[in-house]
Amino acid sequence: MNVKVLIFCLMMPFGAMAQGFGGLGTQADGFTTPQPAPVFDFPKDHGPHPDYRIEWWYLTANMTGADGTDYGLQWTLFRSALAPEEGSGWTSPQIYFGHAAVTTPQAHYVSERFARGGIGQAGVTPAPFEAWIDDWHLTGHDFDTLNMRASGPEFAYDVDLSAQGPLVFHGTNGFSVKSAQGQASYYYSQPFYDLKGTLTLPQGEVQVTGQAWLDREWSSQPLADNQSGWDWFSLSFEDGNKLMGFRLRQTDETYFASGTWIGPDGTTTPLAPDDFIATPLEFSDVDGKTVPTKWRVEVPDFDVDVTVQAMNAHAWMDVSLPYWEGPVHVQGSHKGRGYLEMTGYE
C-alpha cells in the first residue's frame, strides 16, 4: 500500500482536517463523551478507554548533561478508534501511533511509529503498567516508577522515572473544558517525575538527569468545529510551583484559554479562561511555517509574568500530522524550564 494512503487510512478516525487540528472537532457519534464530576478508578484509568475516540499517554522531559548542556525529550503514544469497542486480533478497531523526539540546542531528532491494536504490536495495560508500540516502551510495576525507551534513526534513549509527588487533575476534578460550546476531555497529569538515564546521539552517549511531566487525556470530541489548533505550556518553576496552561485558537481570531496552578505539594487551583494569558512575542520560520517561539505568559492571580523562550526554535515534529514541540526556558517573575506544544500552524 502507498505510504500516503496508509497514513490517510490510519488517520480516518480523526475525520476531516478542516474541522480542527487532526479533525478533533468532528462529531463523536457512537462514542462516549466526557461528563462533569468524573470518578476516576486507578490503576484502571491508567489504561485505555476504547469507548472514547481519542486518547494519549504523553511524556515530556527537561534534562541536563554532565557538562551543563540542556536537552528535551518526548515520548507519546496515541490511541484512535475506528469504532467504540476493543475487539481482538485484526478485528480490533483501535489504531495506535507513537512519536518520539530528542531536542538539543542545535538539533531536533524525530521518529514515528504506527500499529494496529489487538495483535500485540501496540497497547496499554494498567497494572503492572505498560504502554508500548513495537520496541518503544513505557513500563513499570506501577505508575510511580517507570522505565522509558525509544529510538529513531539518529537517536535513542533509556531513562528511569520516579514520581516525587501526587497525580494532579485539571479543570474541575479532571473534567477539562475546551470550548464555550462545552467540548471537554478527562485530563490528569503526573508532573513530578525525577529522571535519570542515557541519551544516544550521533556524537555518542550522554548521561542526563532532569524532570519529566506525563499527561493523560481522553475524549471523543475535544475541540469545537471553529477551533483550529492550540498552544500548550507545561512550566516548572525553581520555587517548586508548576503551571499548565493552554489557549485554543478560534477561526474568529479569539481564544479559549484554561490552565491549572500546581503547588509544590500537588495542590491545584483551576484557572478560568481570563486567568491564563499567553501572548506571542517573536516568530520563527520553521519548516516553511511561521511559528511563535517566544511568548509572554501571565497569571495575574499568582503574580506570574514570564518570558517563555524556545531552547531550539526548530523543534518541528515532521510527522504525519506535523506540529511544534520542544523545551523552553522561563525568565521573569519566575524562573524555570518547561515544554511548549503548538499545533495547527500552516
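The table below gives the values:
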| read-out | value |
| --- | --- |
| Index of the failed condition, residue 125 passing every other in (1) crowded, with 17+ Cβ neighbours inside 10 Å; (2) assigned to a strand (DSSP E or B) | (1) |
| Unique match (being more than 21 Å from the chain's Cα centre (by Cα), at pLDDT 95 or above, surrounded by 17 or more Cβ atoms within 10 Å (Cβ to Cβ) and aliphatic (A, V, I, L, M)) among 308, 304, 330 | 304 |
| Region 141-168, residues that are out of contact with any Gly (no Cβ under 6 Å at 6 or more places or on another chain), under 30 Å from residue 261 (Cβ atoms) and surrounded by fewer than 18 Cβ atoms within 10 Å (Cβ to Cβ) | 142, 144, 145, 162, 164 |
| Selected residue [more than 23 Å from residue 159 (Cα to Cα) and among the small types (Gly, Ala, Ser)] from 98, 117 | 117 |
| Exclusive hit being among the hydroxyl-bearing types (Ser, Thr, Tyr), crowded, with 23+ Cβ neighbours inside 10 Å and under 16 Å from residue 74 (Cα atoms), set 109, 193, 187 | 193 |
| Filter result for residue 140 (assigned to a strand (DSSP E or B) and not basic (Lys, Arg)) | yes |
| Residue satisfying all of: in region 324-346; small (Gly, Ala, Ser) and in contact (Cβ under 8 Å) with a residue 60 or more places away in the chain; nearest to residue 247 (Cα to Cα) among these | 344 |
| Test: residue in region 234-246 that is surrounded by fewer than 23 Cβ atoms within 10 Å (Cβ to Cβ) and under 14 Å from the mean Cα position of the chain (by Cα) | yes |
| Looking only at region 248-259, and only at residues there that are surrounded by fewer than 23 Cβ atoms within 10 Å (Cβ to Cβ) and within 19 Å of the chain's Cα centre (by Cα), the one that is farthest from residue 291 (Cα to Cα) | 258 |
| Condition check for residue 35: modelled with pLDDT under 90 and of a type outside the set (D, E, K, R) | no |
| Residue in region 82-91 that is over 23 Å from residue 322 (Cβ atoms), among the polar types (S, T, N, Q) and outside any loop (DSSP other than H, G, I, E, B) present | yes |
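Table: residues versus (1) over 20 Å from the mean Cα position of the chain (by Cα); (2) more than 21 Å from residue 234 (Cβ to Cβ).
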{"residue": "58", "(1), (2)": "no, no"}
{"residue": "66", "(1), (2)": "yes, yes"}
{"residue": "72", "(1), (2)": "no, no"}
{"residue": "90", "(1), (2)": "yes, yes"}
{"residue": "101", "(1), (2)": "no, no"}
{"residue": "110", "(1), (2)": "no, no"}
{"residue": "116", "(1), (2)": "yes, yes"}
{"residue": "132", "(1), (2)": "no, yes"}
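The values are calculated or read from the model by the stated rules, or taken from the named source; none is laboratory data. These numbers come from a predicted model, not from an experiment. Heads up, the Cβs are rebuilt from the backbone with ideal geometry, glycines too, and the neighbour counts pull from every protein chain shown.
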